[in-house]
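Right, one structure below, let's go through it.
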Amino acid sequence: MRNRIRRTSGIRRFDLRGIAPSLIAIVGVGLSAGCNYTFQAGAGLPSHVQTLAVIPFENETDRFEISQELHQLLLDELPRTFGVRTGGEEFAEALVRGTVRQYFVQADSYRPEAGGDRTQVVQRQVRVQVEVQVIDQVNNLILWENAGLSGEGEFLDAAGDESAGRVLALERVVQGIIDGLQSNW
């Protein structure tokens, strides 16, 4: 006896008329339960923070300009990155404060001179180390802090432009603050 094989496209058809009301009921119960969990990875700041105060950092170095340069970079980058406004300390929901702990220039790259008895510095590096806190003033809570955040900026010794290395180091410090806040949530 031979079995009859019915050829099909391989796609089974389901009758959704019985499933649809059940699916609607399950979704409705799920929505009415009011799930309180929200995923905020990368959000940076809590949703209630609309205004951010950036306090000029204290400066423990002999470079008076570094605190002002860092302050300006923070004022430029933080509001743009997190979608907040800047404001005064007494009105802001969050504040950024800190201290510039160290500033130094070191020689990173050398090469021997023609005579072989001396070396020539090819590249130098500026290193800036800060201590920083970001505080939620509404909930009186430290959102993020780092006591040893540092940034390095290289510059060619022949150019002699230490300020280019300093700017790069400060930009990396600011990026470290942004990355720290974004990873905190």
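Here are some notes:
- Matching option when the condition is modelled with pLDDT under 95 and aliphatic (A, V, I, L, M), among VAL173, VAL132, VAL122: VAL122
- Options LEU141, LEU156, LEU149; residue that is at pLDDT 75 or above and buried (at least 18 other Cβ atoms within 10 Å of the Cβ): LEU149
- Within region 69-102, the set of residues being more than 30 Å from GLU162 (Cβ to Cβ), in a strand (DSSP E or B) and not small (Gly, Ala, Ser) comprises ARG85, LEU95.
The values are calculated or read from the model by the stated rules, or taken from the named source; none is laboratory data. Bear in mind that the values here come from a model prediction, so they are computed numbers and not experimental data. In this analysis, Cβ positions are derived from the backbone assuming ideal geometry, glycine residues included, and neighbour counts consider all displayed protein chains.
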